[in-house]
Amino acid sequence: MIGIVTFPGSNGDRDALDAVRDDIGAPARLVDHRETELAGRNGIILPGGFSYGDHLRCGAIARFAPVMGEVARFSARGGPVLGICNGFQILCEAGLLPGALLRNRTLRFHCFWTHVRMEGAATAWTEGIEPGAVLRLPVAHGAGAYFTDQETLRRLEGQGEIVARYSDPQGNISHEHNHNGSLNSIAAVASPKRTTVGLMPHPERAVAALLGGDDGRRILSAALSLVGCPA
Amino acid sequence: MAAGEDERWRVEVVVVPKPGVNDPEGASILAGLHGLGSECVAEVRAGRLFRLVVLAPDATAARSAVGEMCDRLLANPVVEVYEVRSVEAAPAPPDLAGRRQGGGEDRG
């Protein structure tokens, strides 16, 4: 069972549920932010949206939601956690992923399709995606500029904890395609154990041709192998 | 500690981006100021001011409590620095209980 957390202000929770359950075909259920029990979950998704109105900083208040203590314990014992967009911001605020997501360099809300080049990090959510694969996924965020201190950046680069970077359709990295101003064009990072992943684009909004693309299935289909494993 | 023994302290804390952290908002304001002819401005860093009223036995305790709040929530240590700018005795609230009962606005 994949648990998808609904915070007050989440708007990607139903999209993620529909994508994982109906398009991918893995059992999934919404988890209320007040719940404190995640037994029986094989993976947790923190969805996109504007939890708590994005007040103070994106994800700063959601981090203190009752469910987050259990998400931290789940992550600590190696449970797979995927944070999408606001979920990525929450994971950073909670200290479950390094770094922070700052305002886009344009100061505008970015809502369009992007390409990301997968970097071959063997994470729980991207296993089997070959290094250099380019996925076309939509973004929808105002604060997606990934930042971390230089020492952490060196560690991320050195230990292969960078999961994806913004690129052109051929996988080339450039300032132009780094639309939000992320350090080293980073669009997704993983925890040192590769079980917790934060991803700025929305795979759950790209699971069918009808939606404009189905590259998101490459990531969310990980749910199928996760539910086959003991929690 | 019983709240009755505490005094009210008005605490101001400023949170700004760390040196070296991109601040597109500050850069945009700087461009705006230059557009208005204020060429003398060399740098702008945009942040937030929090004005809190804290119940504490003394100013030191109030300052220390707010420092802890900054470490945990008001600032993100990855990208921001904070400074407690002032701690002053705050005036007593005007008839707070009466206003609450009447459903009036609590202006603290």
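Among all positions in segment A:20-32, there is at least one residue which is in contact with a strand residue (DSSP E or B) (Cβ under 9 Å, 6 or more places away or on another chain), assigned to a loop (DSSP other than H, G, I, E, B) and either within 30 Å of B:A31 (Cα to Cα) or more than 14 Å from chain B (Cβ to nearest Cβ) (or both). Only one entry of A:G79, A:G43, A:G48 meets the criterion of being within 30 Å of B:V16 (Cβ to Cβ), crowded, with 18+ Cβ neighbours inside 10 Å and at pLDDT 95 or above, and that entry is A:G48. Contact map, segment A:87-99: residues that are more than 11 Å from chain B (Cβ to nearest Cβ) paired with residues that are buried (at least 22 other Cβ atoms within 10 Å of the Cβ) and part of a loop (DSSP other than H, G, I, E, B), Cβ distance under 6 Å, separation 6+ or inter-chain. Pairs shown: A:G87/A:P47; A:F88/A:M200; A:I90/A:G59; A:L91/A:L97.
For a quick check of your reading: which strands (runs of 3 or more DSSP E) sit entirely within segment A:121-216 and have at least 1 residues that are at pLDDT 95 or above and basic (K, R)? If you could, list the steps in order and put the result at the bottom.
Numbers: elements: A:134-141, A:145-147, A:162-167, A:186-190, A:196-199.
Here the list reads A:134-141, A:162-167.
Scanning segment B:8-25 for residues being out of contact with any Phe, Trp or Tyr (no Cβ under 9 Å at 6 or more places or on another chain) and modelled with pLDDT of 95 or more gives a total of 5. Restrict the check to segment A:167-177 and report whether at least one residue is surrounded by 15 or more Cβ atoms within 10 Å (Cβ to Cβ), touching a helix residue (DSSP H, G or I) at 6+ places or on another chain (Cβ under 8 Å) and more than 17 Å from A:G99 (Cα to Cα). There is at least one residue in segment A:167-177 that is surrounded by 15 or more Cβ atoms within 10 Å (Cβ to Cβ), touching a helix residue (DSSP H, G or I) at 6+ places or on another chain (Cβ under 8 Å) and more than 17 Å from A:G99 (Cα to Cα).
Using the structure shown, decide if A:H55 is within 25 Å of B:A46 (Cβ to Cβ), more than 10 Å from every other protein chain (Cβ to nearest Cβ) and surrounded by fewer than 22 Cβ atoms within 10 Å (Cβ to Cβ).
Numbers: within 25 Å of B:A46 (Cβ to Cβ): yes; more than 10 Å from every other protein chain (Cβ to nearest Cβ): yes; surrounded by fewer than 22 Cβ atoms within 10 Å (Cβ to Cβ): yes.
Taking the combined requirement at face value, the residue satisfies it.
Exactly one residue out of B:D23, B:D6, B:D58 is within 14 Å of chain A (Cβ to nearest Cβ), among the acidic types (D, E) and out of contact with any Gly (no Cβ under 7 Å at 6 or more places or on another chain), and it is B:D23. Screening the candidates A:V139, A:V134 for the property of being more than 14 Å from chain B (Cβ to nearest Cβ), more than 18 Å from B:V79 (Cβ to Cβ), among the aliphatic types (A, V, I, L, M) and touching a residue at least 40 places away in the same chain (Cβ under 8 Å) yields one hit, A:V139. Filtered by the rule that a residue be surrounded by 21 or more Cβ atoms within 10 Å (Cβ to Cβ), of a type in the set (A, V, I, L, M, F, W, C) and closer than 18 Å to A:L137 by Cα, segment A:82-120 gives A:L82, A:I84, A:C85, A:F88, A:V116, A:M118.
The values are calculated or read from the model by the stated rules, or taken from the named source; none is laboratory data. Please read all numbers here as calculations on a predicted model, not as lab measurements. Glycine gets a Cβ as well: all are built from the backbone with ideal geometry, and neighbour counts include every protein chain shown.
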